[in-house]
Each structure stands twice: as structure tokens, then as C-alpha cells.
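Undergrad: What follows is a single structure, and I will ask about it in a moment.
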Amino acid sequence: MTLRNIAFAAAATQEARAACIELAHRYGNAPADTADVIVALGGDGFMLQVLHENMGKGVPIYGMNLGSVGFLMNSYETDGLVERLAAAEAARIHPLRMKAVTADGRIAEALAINEVSLLRETRQAAKIRISVDGRVRMEELVCDGVLLSTPAGSTAYNLSAHGPILPIDSALLALTPISAFRPRRWTGALLPHRSQVRFDVLEAAKRPVSAVADHTEVRDVAQVDIAEDRTLTLTMLFDAEHSLHERILSEQFVD
């Protein structure tokens, strides 16, 4: 594909801004709303920000790492960008849509590219009932929290919580407890990607819980519904020799 009309987006760091100036001088810098591709300069957090800002616009995002981890990014190089974009492989993902109802009846919605996580707000452990497709699967999980992760997000918070790494095309979601106390040995579940998941917070007044969809937090939730939003598709571009599929596969063989 021809992706010559490039828009650059830079994180707030001095390094990323300097790179943006250099690349814009070499390749031009189109407005984001008319670009064929957006090149994000920064780390994984900035990549998520750019993906959220361009949700539903249909423009592919190609990241170049000027941050720390850079799992969602390609290597930073100034030469041959047009050729790299033309040869890049696309990874298409669908975000999760969270609908949260707070203890005082407010309703909040947010989208998550990586995961939706429920987290205890105080020293008290959370108590959460888990339902899948309208059927209660766990009456009471006593824990620090619980999360539902996409394949794209499975190597982020989900992996830190000892959840499974999911291949990008696996059509699965990872349901992973965070420091489960009871059932003590429960390690989570793999769910079909079309599953409708509900978390009911038990004893919400005594054991308050927040819900976080990527960077959007809703405090004092009573009930949270999560499902994949297949009306929205996000396209990330990766160098062919280092695709997201290959990165996720390789991550499973790291010591």
C-alpha cells in the first residue's frame, strides 16, 4: 500500500519532539485528518494515546520507539521511512467497551485497547462476582482486583498479573485475577472474544472498587459490563521482520 501522506505525532519528551522536527523536514507533515498514516514517536503509553485519539478514523498507526519498553513500537530510524511503511504488516484489533455503574447510580463508558481492570481502593480486599454471558461463573472472588485483557494487551498488565500471553489473532480474552485470596488457587480463564462479562462489586460501601479502561478511571463502581466492540477497528503497522504476532510469540519463550 502507498502511505506517502504522513502525519507525525510526538510524545512530550525532548527526544521525541526533536525527532518529529527532523522527520517532518524530510518527509513532510500532513494534517492527521488527511493523512494516509500516522507515525507516533514515543513509547507504548504514547502509542495508546494516539490510538485512542484516532479511534474510528480508519487511519493506520505506525509507532517508532523513543520511550522505554516499546513493545507496540518499531525501531526508530530516520532513513527509508516510506519504504518501511510500504512493507509494513498490519495488525487489526478491536477495543473493549466498558460500561460502569457507580454506587450512586452514575453511568460511565470508556474504551480499552489493552484491558479493563477492577482495583480495590482501600486496604480492604475487593469482593467481586463474575458473570459471563448472563451466567454467574464465580459467586465471590476475594482479591486486590481482576482484569479482562485483549490479545494486544495480554503482554502488559495482564502478564504482570501472571495472566496468559494471547496470540494477536487468537479471538480470545484473558480474564485474570490480581492477587486472588479466595479462591486462592484460581488463576483466571480464557474466554471467547465475543463474551459479555459482568463484574458485580459486593459490599461496595465497605470495600470500594475502581474500574480502569486503559487510562480512564471510574471510582466507586457497583457494576461493570465489558464486551468487545467490533464496530471499531484499529490498525497498527509493524515492520515485517518484527510483527506484533512475532513479538507476542517470542515473548512466551523469554526467560
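Undergrad: Check region 45-59 and report whether any residue there is in a helix (DSSP H, G or I) and among the basic types (Lys, Arg).
TA: No, region 45-59 has no match at all.
Undergrad: With respect to Asp33, determine if the residue is out of contact with any Gly (no Cβ under 9 Å at 6 or more places or on another chain) and either at pLDDT 95 or above or in a loop (DSSP other than H, G, I, E, B) (or both).
TA: no
Undergrad: Which of the residues that make up region 72-81 are touching a residue at least 24 places away in the same chain (Cβ under 8 Å) and more than 17 Å from His242 (Cα to Cα)?
TA: Passing the criteria: only Thr78.
Undergrad: Criterion first (of a type outside the set (Asp, Glu), within 24 Å of Ile113 (Cβ to Cβ), touching a residue at least 12 places away in the same chain (Cβ under 8 Å) and surrounded by 22 or more Cβ atoms within 10 Å (Cβ to Cβ)) does Val69 satisfy it?
TA: Here the answer is no, as Val69 does not meet what is asked.
Undergrad: I've got another one for you. Condition first: in contact with an Asp or Glu (Cβ under 9 Å, 6 or more places away or on another chain) and either basic (Lys, Arg) or part of a strand (DSSP E or B) (or both). Now tell me which residues in region 167-190 satisfy that.
TA: Leu173, Ala174, Thr176, Pro177, Ile178, Arg182 - these are the residues of region 167-190 that are in contact with an Asp or Glu (Cβ under 9 Å, 6 or more places away or on another chain) and either basic (Lys, Arg) or part of a strand (DSSP E or B) (or both).
Undergrad: Would you check if Asn74 is touching a Gly at 6+ places or on another chain (Cβ under 7 Å), more than 13 Å from Gln223 (Cα to Cα) and in the same structural domain as His25 (by TED's automatic domain parsing)?
TA: yes
Undergrad: Just one of the numbered conditions (1) polar (S, T, N, Q); (2) over 15 Å from Ala91 (Cβ atoms); (3) surrounded by fewer than 24 Cβ atoms within 10 Å (Cβ to Cβ) is not true of Ser170; which one?
TA: It fails just one condition, (2).
Undergrad: Which residues, counting only those in region 60-71, are farther than 14 Å from Gln49 by Cβ and either out of contact with any Ser or Thr (no Cβ under 8 Å at 6 or more places or on another chain) or not assigned by TED's automatic domain parsing to the domain that holds Arg17 (or both)?
TA: Once the filter is applied, which keeps residues that are farther than 14 Å from Gln49 by Cβ and either out of contact with any Ser or Thr (no Cβ under 8 Å at 6 or more places or on another chain) or not assigned by TED's automatic domain parsing to the domain that holds Arg17 (or both), region 60-71 yields Tyr62, Ser68, Val69, Gly70.
Undergrad: Within region 89-104, does at least one residue satisfy the condition of being modelled with pLDDT under 95 and not in a strand (DSSP E or B)?
TA: Yes: region 89-104 contains one or more residues that are modelled with pLDDT under 95 and not in a strand (DSSP E or B).
Undergrad: Please determine, by comparing only the residues of region 126-139 that are in contact (Cβ under 8 Å) with a residue 12 or more places away in the chain and among the hydrophobic types (A, V, I, L, M, F, W, C), which one is nearest to Ser210 (Cα to Cα).
TA: The extreme case among them is Ala126.
Undergrad: Can you pull out every residue in region 227-248 that is over 14 Å from Ala91 (Cα atoms) and not β-branched (Val, Ile, Thr)?
TA: Correct list: Ala227, Glu228, Asp229, Arg230.
Undergrad: So the check is Cβ under 9 Å with 6+ separation or different chains; which pairs have a first residue in region 140-165 that's closer than 17 Å to Met236 by Cβ and a second one that's of a type in the set (Phe, Trp, Tyr) and part of a loop (DSSP other than H, G, I, E, B)?
TA: Thr155/Phe71; Ala156/Phe71
Undergrad: Which ranges mark the strands (runs of 3 or more DSSP E) fully within region 210-255 that have 2 or more residues being touching a residue at least 12 places away in the same chain (Cβ under 8 Å) and hydrophobic (A, V, I, L, M, F, W, C)?
TA: Per the criteria, 221-228, 234-238.
Undergrad: Just checking, does region 133-141 include any residue being touching a strand residue (DSSP E or B) at 6+ places or on another chain (Cβ under 8 Å) and under 21 Å from Leu111 (Cβ atoms)?
TA: no
Undergrad: Name every residue in region 127-151 that is under 23 Å from Ala227 (Cβ atoms), of a type in the set (A, V, I, L, M) and either over 23 Å from the mean Cα position of the chain (by Cα) or not assigned by TED's automatic domain parsing to the domain that holds Asp169 (or both), in order of residue number.
TA: Within region 127-151, Val136, Met138, Leu141 meet the criteria.
The values are calculated or read from the model by the stated rules, or taken from the named source; none is laboratory data. Given the structure is predicted, the values throughout are model-derived calculations rather than measurements. Ideal geometry is used to build each Cβ from the backbone, glycine not excepted, and the neighbour counts take in all protein chains shown.
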